């Protein structure tokens, strides 16, 4: 059961990394806000899947929750949710300004 949580993390970390790269190459704040919104959606899906997998692992193997890396994998998507949320808000606030003036 533990590999399921690891696979979920691998599955969502790749598109999240691509979206971070896309954020860096976006040419307007509107474009950055759109990329950030996609990143937020992917991260929320990742969080839901990771939490579901963590619950499944813990119910079948309760001793596994004692390992810190399993808990970290279960909560790791929150880092991306927080980052993408901040990015969406920031780029929507700066949407009227050209890049490099904010």
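The values are calculated or read from the model by the stated rules, or taken from the named source; none is laboratory data. It should be emphasised that the depicted structure is a prediction, and the values quoted were computed from it without experimental measurement. Here the Cβ positions follow ideal geometry from the backbone for every residue, glycine too, while neighbour counts run over all protein chains shown.
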Whichever residue in the stretch 28-43 is out of contact with any helix residue (DSSP H, G or I) (no Cβ under 6 Å at 6 or more places or on another chain) and touching a residue at least 40 places away in the same chain (Cβ under 8 Å) and, among such residues, is farthest from residue 91 (Cα to Cα): 28
Filter result (in a helix (DSSP H, G or I) and surrounded by fewer than 16 Cβ atoms within 10 Å (Cβ to Cβ)) within the stretch 21-36: 21, 24, 25, 30
Residue that is farthest from residue 48 (Cα to Cα) [pool: residues in the stretch 61-80 that are outside any helix (DSSP H, G or I) and modelled with pLDDT of 80 or more]: 61
Some residue of the stretch 85-97 being closer than 27 Å to residue 14 by Cβ, touching a helix residue (DSSP H, G or I) at 6+ places or on another chain (Cβ under 6 Å), at pLDDT below 90 and part of a helix (DSSP H, G or I): no
Failed item in (1) surrounded by 15 or more Cβ atoms within 10 Å (Cβ to Cβ); (2) under 21 Å from the mean Cα position of the chain (by Cα), with residue 64 passing the rest: (2)
Failed condition for residue 10, given (1) touching a helix residue (DSSP H, G or I) at 6+ places or on another chain (Cβ under 9 Å); (2) surrounded by fewer than 16 Cβ atoms within 10 Å (Cβ to Cβ): (1)
Some residue of the stretch 82-101 being on the phi > 0 side of the Ramachandran plot, surrounded by fewer than 13 Cβ atoms within 10 Å (Cβ to Cβ), without any contact (Cβ under 8 Å) to a residue 12 or more places away in the chain and more than 20 Å from the chain's Cα centre (by Cα): yes
